[in-house]
Amino acid sequence: MRILTTALAALAQFALSASVKVLHLGMVGNPYDTPIATGILGYAQEHKLFEQEFKKDGIEVKWDFYKGTGPAINEGLANGAVDITSYGDLPGIIGKSGGIDTKLIVPGTVGQNIYVAVAPKSTLRTLQDLKGKRVGYLKGTYLHLAWIRLVHHLGLSEKDFKIFNLSQTEGVAALQGGHIDAYVGVNTFQEMAERGAAKILYTSNTRDALAREIQGFSVVVASSRFVHEHPDLVQRWVNIYVRASLATLSEDKREEWIRLSAKPGYSPDNIRKDLGENRLDQQNAPVFDERYLTKLRTSVKAARDGGLIRRDIDAAQWIDRSFLDKSLRSEGSKAPWSKGFSKASTP
Amino acid sequence: MKRLFRTILPPFSVQLAVFLAWYLSGKYELVPTTLLVPPDRVWETVKDMWSTGEFQTHVGWSLRRVGLGYLIGSGAGIALGAAVGISRRAQAWLGTTLDIFKQVPVFAWAPMMILFFGIQEASKLAFVAVACFYPVLLNTSQGVLSVQSRHREVGEAFGLSRTRIFLRIVVPSAIPSVLVGLRQSIALAWMAVVSAELLGAESGIGYFMTYSRLLFQMDGVIVGVLAVGAIGILTNALLGGLERWLVPWTKEVA
C-alpha cells in the first residue's frame, strides 16, 4: 500500500512537472548587455503584455537574453532551454537545417539594412570595384546572407573577394588601418560617414527592388516540442504578439517605434535614418504574405549557395500559420490589411 | 595481460569512460544529438573532411601558427629570461618593464595586434608568441637564478672562465626549469591560436570550430576538440622525449 501511495505521489509530481511554470523567451542580446527587447517584442515587454496574460495561470515569463545571439539561441532551442524566440532569418534557417525541430509561427519584421563602407580616402567608387579586394564582415549574421545576395546580383560569388571574418569593432579598426578595403556592417556607418570617418559604397536603405530583396528580416520561432505540448499557450502568446504588432503599425507611432528600437542603448538618430522610407505597416505587419514567403525562400537559397547550410529546408513546411490565422480572425478586424492592405502595399 | 591492465588502462580509463558515455547517450538519445553528435557521425565528418583535404588544411595552418609563434615567443623568453637571470644590469633595465606587461592578459593585446601587425598571419603569430613568452621567461630566469652558489664556487675554484661556468654549470642546472616553461607555454600556444583564429582567419582549427558552432554543425566542433586533444598528446610526448634526452638525470616533470 505504501509503495502504491509513493508511486502515485511520484506520478502526480511528474504530471505537475509537465505543466508549464516558466515560459522561456530566447532573446537576441545587444552590445550594451541590457535585458531590453526591441521592436514589437519591445513593445510587449514594456507594457508587460505577456506577463499579464500568463499571470492568471501562475506562469512566469522569462526574457532570456543571449549574448551569443542567434547561434547561442539555437543551442538553447536544441536543449529545451528556449520555448519561443524571435531572431534573424539566417540563424533560424541554420537551426532548422541543422535538425532543430522548430515551427515558424509569426513572420517577424522585415527591413534590416546593410551598409558597405570603405575608408574615407578610398578610390573605390562602386561595388564592382570591390572585385578581388579585401572585404570584412561577421560571418553567420544576416549581413553575411545579404552580402551573398548582393554579390550574386552583381554576377559574382564570395570567391571573387578576399573575405575576413571580423566583428564591426574590429572591422572599423581594420578599415582605418588599411588592412581591408571594405566592411559590410550595420547602421552605425551612417553616422561615421557624416563625420567623414567612412564612405558608404552601398546601402540597402533605399526603396529600390534590390534593396528590398537583400534586406534582412526576423523570424518568430517556437520549439516543436513546446507547440506540441502546449498549443493553447502558443495560441495565447501569438494573440498577444499580434496585439502588440497592431499597436506599432501606424505612421503616427514612428517616433515611438524609434524610441523602442533604440531603448537597449542604440542611437535614436541612427535608427531614425536607418528606418529611412520604410513604412511601419509594411515591415511590421504580422502576415505571411507572398513578399515574406519569397524573402524566406531566397534566404534559404542564398544560405545554401553560400555553403551555410548542408541540408535544404522547405519554407512551406517550416511555417505553421494556424496560430496566426486564428489570431488574425479574432484580432485582425482592427488591422489595416482587413481593408485590402496586403495587396495595396506589395510593391 | 596483467601488465597491459596496469600500464595501458589507467591513463586511458577516463577517456574510455567518457567515450562510452558519449556513445550511449547518443544511442539512447539521452541528450539532444544535434548538440552532442554521436561518435559514428563525427567519424563520418572526419572522413569527409579528410577526403576533401579540409581537415589537413585546417590542422596544417594551426600547426604552422603554433609552431612559428611558439619558436618566436619561447625563443625570446629563453633569451631574455637568461639575460635577466644572469646579469644584474639586464635585470635593472628590463625587470620592471617585464613585470608590468606580465600583468596584461594576452587577449587584451588584440587591438594592438591589429594595429601593428594587421589581420593576416603576422598578428596571429604575434598573438601566439606573446602567449608563450612569459611562462618561458619566468621559468628560465628562475632556473638561472636558482643555480646553487656552491656549484658556481666550485667552478671558480677550478679556475673556469665565465663562459665555461655558464655552459657547464648554469645551463645544465637551468634546463629542467626551462623545460617546465616550454611545456606550460605549448598548452597556452594552442589556446592562443584558437582565439587568434577568431580574428580575420579563413583557416585553422580555431576558425573551423568557431565557424561550425556558428552554423550549428556541432560535429565540426567535436572534430576540432578531438584534433586539438590529439595534437596536445603528441606534442607533450615529444617534449617529454626532449626532456629525457637533454636532462636524463632528472625525473620527468608533469
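Results, tabulated for the structure shown:
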{"item": "The range B:141-156 versus the range A:37-100: alpha-carbon centroid distance in Å", "result": "65"}
{"item": "Rounded to 5, the percent of DSSP beta bridges in chain A classed as antiparallel", "result": "55"}
{"item": "Of the DSSP H helices in chain A, those whose Cα atoms cover at least 18 Å axially and whose Kyte score averages -1.0 or more", "result": "A:2-18, A:231-246"}
{"item": "Structure-based [θ]222 nm, chain A - -39500 (n - 2.57) summed over DSSP H runs of at least 4, per residue, nearest 500", "result": "-13500 deg cm²/dmol"}
{"item": "Loop chymotrypsin sites (Phe, Trp or Tyr not before Pro), the range B:181-254 (other Cβ atoms within 10 Å of the site Cβ: 11 or fewer; DSSP)", "result": "B:Trp249"}
{"item": "Linear extension gain, B:Phe5 paired with B:Val225, 0.36 nm per residue minus alpha-carbon span", "result": "76.4 nm"}
{"item": "DSSP bridge pairs, the protein assembly as shown: antiparallel proportion in percent, nearest 5", "result": "55"}
{"item": "Per-residue [θ]222 nm for chain B (sum of -39500 (n - 2.57) over DSSP H runs n ≥ 4, rounded to 500)", "result": "-26000 deg cm²/dmol"}
{"item": "Most mobile of B:Gly220, B:Gly159, B:Gly67 in a GNM of chain B (Cα contacts under 10 Å)", "result": "B:Gly159"}
{"item": "Among A:Ser97, A:Ser330, A:Ser245, residue whose mean-square fluctuation peaks in a GNM of chain A (springs only between Cα atoms under 10 Å)", "result": "A:Ser330"}
{"item": "Span-like helix ranges in chain B, DSSP H, alpha carbon extent 24 angstrom or more, Kyte mean at least 1.0", "result": "B:121-145, B:171-196, B:218-246"}
{"item": "Loop sites in the range A:185-286: GluC sites (Glu not before Pro), DSSP, at most 11 other Cβ within 10 Å", "result": "A:Glu277"}
{"item": "Euclidean distance of C-alpha centroids, the range A:202-247 and the range B:191-218, integer Å", "result": "30"}
{"item": "Distance in nm between pseudo-label sites at A:Ser157 and B:Ala92 (7 Å out along the Cβ direction from Cα)", "result": "6.6"}
{"item": "Simple Cβ-charge dipole of the protein assembly as shown, Lys/Arg +1 and Asp/Glu -1, about Cα centre, in debye nearest 20", "result": "1320"}
{"item": "Within-13-Å neighbourhood charge of B:Thr210 [Cβ basis; K, R +1; D, E -1]", "result": "0"}
{"item": "C-alpha center-to-center spacing [the range B:1-31, the range B:61-125] in angstrom", "result": "40"}
{"item": "Selected from B:Val154, B:Val84, B:Val178 as most flexible by GNM, with chain B as the system and alpha-carbon contacts under 10 Å", "result": "B:Val154"}
{"item": "Spread of Cα-to-Cα distances over 10 Å intervals beginning at zero, given as percent, for the protein assembly as shown", "result": "3, 13, 21, 21, 17, 12, 7, 4, 1, 0, 0"}
{"item": "B:Arg162-A:Thr206 FRET efficiency (beta carbon distance; Förster radius 60 Å; 0.05 resolution)", "result": "0.20"}
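Just so you know, all these numbers are worked out from the coordinates, no wet-lab data involved. In this text the structure is predicted, and so the values were computed from the model without any measurement. In this analysis, Cβ positions are derived from the backbone assuming ideal geometry, glycine residues included, and neighbour counts consider all displayed protein chains.
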